[in-house]
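The values are calculated or read from the model by the stated rules, or taken from the named source; none is laboratory data. Nothing here was measured: the structure is a model prediction, and the numbers come from that model. When we count neighbours, we look across all protein chains shown, and the Cβ atoms used for this are built from the backbone with ideal geometry, even at glycine.
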Amino acid sequence: MTTMKHLTENEIIDFVSMNSINQESIGLAAAVNSHIMQCDECREKVKAFQAVNDLAMDKLVAASEITRTEIKKEEIIKYETES
Amino acid sequence: MAYFTDEEFHVMLSQLSEGNPDGYTTLYEIAKKTLFGTIRKWCNSRKHTVGYEEDVMQEVHLRLFKTCVTGFLMRDGVPNDNPAGFKSWMFTVAKNIYEDIAKKLKKMPLIETDASDDEPPEIEDINNDLYYEDDYDYEALNRYFEFVLDSGSEPHIVLTWVAVMLAVVRGNLNRSESTAYITCVFNDLTMDEVLDYVVENADKILWLQISEELLGRLRKKLNKTDSEGQRIGGKKYCDFYMKKGDRASVSDWVNRMNGRLIEEELEQKEEEDDDDDETPDGK
């Protein structure tokens, strides 16, 4: 029986957060995708991280189109004033 | 219209399963020759998207690289050796991305209910019923959130990542604001407080419920000590991710999340500054 080295949370987060195609990201995608084609456990984990990431990205894109809330503006101004 | 052959699909499948980076060149070529003509038609069908076909194609390539296995090739846990289905799935991915970009470009309402001349042409061979995902499956999302929170032996990694995601989901923030907001909120929080932030914000999202059992497991993980004998829950976010003593720096997480767009914004700002410098009087 062979032991399979599972993906770390950092590797998964890097993979699901990839936002450009370059040599490094292709290497990461190749490693992660080939692993999750064999490993059910990591595939489920990647799916879960992807779902959460995609939801956040959708909201982030949508937010650029809608009016910002006053609360958030105040919090940011407060931070900028303090720092 | 040029589509890929079954043989090309099988070469790609074999390369991807071997972890051969050439698989991405094959996937790139398959996607480009299958989708680009249609994407160009979509882009040309709305005046505000004319000329954006390369941008849409680039986003589609990235999306395919990231989701080809979980989204299609191993979607139900078994190899999906179905070239025709793969083609339909790619069209669906491309269509969703095109619509997202079109909305962003025109600031359209999120849901179009009114068919008009502005509608992109339909592609006959897309099985929309099977592959088109329009609304969120909140029950599944809740499971995914819990699954992510429950994973890993180093709780700070998933906890802070989920906290950042929740900040974005709840915040109505654009990308630049998210950097400032997240830095502001998380910089001085301990991991215990980050967990409180997650719980508090999850409570405000109707579909998201974190079970008491999971909460107990998370608190137990935070009560463990690191190699230096420090309790993990007592350590600060900035101890893990921020440059110490530099409040202006942003975390890896925010950089990863905002990545290219922040660079684009900075480049744009630099260009604007350069333009300002090049005033007619040379000042």
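What the table shows:
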{"item": "Search result, residues across segment A:17-37 that are loosely packed, with under 13 Cβ neighbours inside 10 Å and at the interface with another protein chain (Cβ under 8 Å from one of its Cβ atoms)", "result": "A:20"}
{"item": "Breaking point among (1) touching a residue at least 12 places away in the same chain (Cβ under 8 Å); (2) more than 13 Å from residue B:149 (Cβ to Cβ); (3) within 23 Å of the chain's Cα centre (by Cα), for residue B:192", "result": "(3)"}
{"item": "Matching residues in segment A:38-52 - criterion: being within 7 Å of chain B (Cβ to nearest Cβ) and either of a type outside the set (A, V, I, L, M) or surrounded by fewer than 18 Cβ atoms within 10 Å (Cβ to Cβ) (or both)", "result": "A:40, A:43, A:45, A:47, A:49, A:50"}
{"item": "Selection within segment B:24-52 - surrounded by 16 or more Cβ atoms within 10 Å (Cβ to Cβ) and not in a helix (DSSP H, G or I)", "result": "B:46, B:52"}
{"item": "Pick from segment B:53-84, criterion surrounded by fewer than 16 Cβ atoms within 10 Å (Cβ to Cβ) and small (Gly, Ala, Ser), ranking: nearest to residue A:51 (Cα to Cα)", "result": "B:77"}
{"item": "Boolean, residue B:214 is closer than 15 Å to residue A:48 by Cβ, touching a residue at least 60 places away in the same chain (Cβ under 8 Å) and in a helix (DSSP H, G or I)", "result": "yes"}
{"item": "Segment B:53-87, subset of a type in the set (Lys, Arg) and part of a helix (DSSP H, G or I), residue nearest to the other protein chains (Cβ to nearest Cβ)", "result": "B:66"}
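Residue by residue, here is whether (1) β-branched (Val, Ile, Thr); (2) modelled with pLDDT of 85 or more; (3) farther than 29 Å from residue B:76 by Cα holds:
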residue: B:128; (1), (2), (3): no, no, no
residue: B:143; (1), (2), (3): no, yes, no
residue: B:157; (1), (2), (3): yes, yes, no
residue: B:167; (1), (2), (3): no, no, yes
